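Here the structure comes first, spelled out in structure tokens, and everything after it is commentary.
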Amino acid sequence: MADAPAVVTSSTVDVASEVLEQRKTSERYMQANYYDEWAEIYRNLKARVKPIMVKDKNGDMVEDKSRSNICLPDHFVMLRHGVARLTRNPPNLRLRGENPDAADKAAVLLMWQWDRSESQKAFRKIIACGKAFGWGIGKSFYDKIQVTRRFRKIIEKMTPEELAQLTEGMGTEDQQTGQAPMGDAMVAQLIAKYGPAAEIKKQITKYEGCTLNYVFCGDIFGEPGFRSMNESGYWIENAIRDDQWLEYWVEQESTNPETGETTPVITREMADKLLAISGDRQFIDAKSINLRRQMREAVDIDDPSTAGKPLKSPRKRFMIDERHTIVDGRLCVDFVGEENLHMGRLWYPWDTYGKYTYSEYVPIPDMIEGIGDSTLRISRYLLQLRNARVNQTTDFINNKLLPLLKLQENEALTDEQLIRTAWARVIKLKNLNSLEFQNDPPFPAEAFQDQAQFTREMQQVEPGMNDFQPGSETTPQSGKLATTAILQKQGADAILADELNNQGQFVRDTCELWMWMDQQAMEDNVTIDAEQSPRLAKNIEALSANTEGGNPKIIEIDPMDIQEEFEILPEEGSTLAQDDSYRTQKLQEGFQAAAANPDVFNKRTFAAALLKTIPGISPEEGLAPPPSTPPPPVKIGFNVTAKFEELSADVQTAILGAVGLPTEGTGIMGTVKHTADAVEHIARAGNAAAELNSPAQSGGDQTDPRSAGQRTPTLRTPKGLGKGS
């Protein structure tokens with residue numbers, strides 16, 4: 001392994017030579033460890049094979065076309081199926097911060113930028129590269145796309161700024177600059193010259209914000225043996241640029257964060273020097289070590305430099321090395337043209353807190369290096385065995401269709417006589433012993449079992465291939481128990497969850513860079529319309545509900561709304577296909593739990609999410625209307641006040657029992673008391689009746705007991721109750 005050069009940051013060194021030496025060292029390391037293997041994987045993805053070469057009679061190497069030599073598309077299926085499942089949808093984000101409303105706005109902003117910048121295209125390529133080679137690279141930057149369009153407008157309805165484009169060389173200076181309204185005479189003059197309508201130019205800003213780009217793994221180089229992207233001392237991106245790229249950077253300026261000095265990124269003088277020598281090297285494939293050329297050779301595609309190259313390029317192109325490194329504790333970019341011109345330096349215009357603007361996707365992390373493994377690389381030898389067995393089986397079947405025949409050397413037979421035609425072959429011989437068929441060995445049944453074994457081994461490496469095989473949990477594949485099928489399915493879910501976790505880390509790293517760039521570079525308000533971003537409609541509606549007088553379909557985000565620390569949490573599984581079995585299974589499990597525990601879970605919520613995974617039906621159509629419940633009965637209450645001792649025994653017992661007091665003696669005492677009261681009432685009634693029937697007493701007050709001579713009253717039987725009546 002080649003030793004990595006020391007990173008020298010002194011201003012006295014030749015930056016161009018330093019960058020070139022660093023790149024060549026990295027290229028040699030990548031060539032020795034990865035390029036050959038990656039080229040082989042690329043060949044398998046294209047279902048190509050190396051030709052079988054043999055020596056002919058003259059001793060020259062020629063291709064042996066008598067043997068089958070095919071490649072099965074297993075690796076293509078792995079990549080195609082895996083990438084389609086993982087990148088079907090753009091990621092959903094949740095942000096966490098001290099201010100929940102600000103976090104929700106920042107999440108909507110990042111997802112809106114992802115959609116408007118069309119970063120999903122680059123995202124698919126990054127995931128595909130990582131799935132195939134074990135390492136995918138994305139590059140983030142803040143972009144502003146402005147285009148000039150031509151429109152025809154009626155002159156009488158034009159604004160002063162639009163009229164100013166038509167009055168060049170006419171009228172006063174104020175009228176030319178559009179600072180004062182045009183007079184009727186000037187408008188009439190313009191109509192006479194251009195007619196009622198004229199063509200004007202208008203500059204339109206198509207997009208302003210963060211963008212994600214895909215970087216081919218053969219075009220970027222770090223320190224040999226780097227453990228992660230941000231731990232490498234430098235990153236060098238090698239690419240072919242044109243004169244438009246050069247013109248853009250000539251107009252840009254960079255500010256040194258230490259001195260505050262502002263200088264052009266690339267001076268006009270250096271740009272002219274580069275254009276003067278750009279004809280010497282037209283293509284990046286002229287490098288001695290190049291992964292692109294190796295991959296083309298693996299599938300028998302010619303280099304652009306030797307096939308299809310125009311005699312004279314319509315644009316000037318040149319090689320640019322773009323090195324990202326740390327100089328004096330600050331991140332910067334050095335541009336080197338044609339391997340020998342240091343074009344200029346760009347200090348990072350945003351503070352990325354020590355992180356490069358590159359993000360890496362590693363589906364299967366390696367224990368010692370930053371470049372991980374992939375299922376395609378691990379299974380490449382299995383694919384070779386599978387191809388060899390299929391080729392052998394094909395050749396054997398072909399030979400069985402042409403049986404082996406023993407023929408005497410001097411026998412005069414032509415090839416046409418031996419080829420099967422019509423329903424039979426007739427050969428006339430002088431000697432019946434001239435021809436004799438030879439028996440081929442029988443085809444071994446183990447050959448087909450061998451192929452099935454290789455297929456199962458491939459499926460163990462990439463469980464996603466099981467989806468293309470017949471069988472399910474209830475009806476497993478041939479020769480498998482239901483328990484085995486269930487265990488394999490659980491293993492596939494675990495592996496998919498692991499890939500999603502690593503993919504979520506890539507999304508988080510990328511969106512962290514985007515958030516830092518937005519916080520420092522965003523100047524104008526961003527208006528997001530739900531009709532232009534349907535997947536954000538619910539987020540926008542929820543944010544608008546918290547704003548007084550807000551529009552439920554439009555939200556405006558101010559740069560001051562996102563000026564705080566956020567933690568970015570990619571929603572797991574949001575990028576999967578809507579009908580993916582993994583998501584559907586999880587929703588089914590949630591619905592079953594809700595159906596079994598309706599007092600804990602909302603069953604209708606799980607049902608609506610489950611219906612979204614079924615194509616052709618919406619939750620509004622699939623969900624039954626909620627059942628109508630009758631109103632609760634009217635409750636009437638009233639209070640009764642009474643003396644406790646005057647209540648009946650059963651009422652007293654009920655009251656004492658309700659409050660938890662003993663009630664054993666209440667009934668007896670109540671009976672005695674009520675009996676005594678009854679006797680007393682009867683006695684008083686009898687006395688009253690006796691007094692009514694007795695003669696009147698003379699003298700004294702009959703109502704006074706003392707005037708009666710202390711006479712003892714007697715109990716008389718009331719009339720109608722005894723003999724004394």
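The values are calculated or read from the model by the stated rules, or taken from the named source; none is laboratory data. Fair warning: this is a prediction, and the values are worked out from it, not measured in the lab. Here the Cβ positions follow ideal geometry from the backbone for every residue, glycine too, while neighbour counts run over all protein chains shown.
Values for this structure:
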quantity: Search result, residues across region 439-473 that are modelled with pLDDT of 75 or more and more than 26 Å from Phe396 (Cα to Cα); calculated: Gln459, Gln460, Val461, Glu462, Pro463
quantity: Cβ pairs under 7 Å, 6+ apart, first in region 328-340 and assigned by TED's automatic domain parsing to the domain that holds Ala276, second among the β-branched types (Val, Ile, Thr) and in a loop (DSSP other than H, G, I, E, B); calculated: Asp328/Thr9; Leu331/Thr352; Phe335/Ile266
quantity: Top-ranked residue of region 77-103 - restricted to ones that are in a helix (DSSP H, G or I) and closer than 22 Å to Ser140 by Cα, ranked as nearest to the chain's Cα centre (by Cα); calculated: Leu86
quantity: Residues within region 44-86 that are closer than 26 Å to Thr455 by Cβ and charged (D, E, K, R), tallied; calculated: 7
quantity: Residue check, Gln189 in contact with a Ser or Thr (Cβ under 6 Å, 6 or more places away or on another chain), assigned by TED's automatic domain parsing to the domain that holds Tyr42 and modelled with pLDDT under 95; calculated: no
quantity: Any hit, region 301-319, residues being under 20 Å from Glu27 (Cβ atoms), in contact (Cβ under 8 Å) with a residue 60 or more places away in the chain and not basic (Lys, Arg); calculated: yes
quantity: Test result for Arg227, over 15 Å from Leu331 (Cα atoms), assigned to a loop (DSSP other than H, G, I, E, B) and not polar (S, T, N, Q); calculated: yes
quantity: Of the criteria (1) surrounded by 13 or more Cβ atoms within 10 Å (Cβ to Cβ); (2) touching a strand residue (DSSP E or B) at 6+ places or on another chain (Cβ under 6 Å), which one Glu253 fails; calculated: (1)
quantity: Breaking point among (1) at pLDDT 75 or above; (2) part of a loop (DSSP other than H, G, I, E, B), for Phe638; calculated: (1)
quantity: Condition check for Glu556: among the acidic types (Asp, Glu), modelled with pLDDT of 80 or more, out of contact with any Pro (no Cβ under 7 Å at 6 or more places or on another chain) and not in a loop (DSSP other than H, G, I, E, B); calculated: yes
quantity: Region 588-618 - residue that is outside any helix (DSSP H, G or I) and among the hydroxyl-bearing types (Ser, Thr, Tyr) and, of those, nearest to Leu576 (Cα to Cα); calculated: Thr613
quantity: Qualifying positions in region 378-410 - surrounded by 13 or more Cβ atoms within 10 Å (Cβ to Cβ) and touching a Phe, Trp or Tyr at 6+ places or on another chain (Cβ under 7 Å); calculated: Leu382, Leu385, Arg386, Arg389, Phe396
quantity: Segments classed as strands (runs of 3 or more DSSP E), wholly inside region 311-407, with at least 2 members that are among the β-branched types (Val, Ile, Thr); calculated: 317-327, 330-337
quantity: Residues satisfying the stated conditions in region 122-168, i.e. touching a residue at least 60 places away in the same chain (Cβ under 8 Å) and part of a helix (DSSP H, G or I); calculated: Ala122, Phe123, Lys125, Ile126, Ile127, Cys129, Gly130, Lys131, Ala132, Phe133
quantity: Residue in region 140-150 that is assigned by TED's automatic domain parsing to the domain that holds Tyr248, at pLDDT below 85 and in contact with a Leu (Cβ under 6 Å, 6 or more places away or on another chain) present; calculated: no
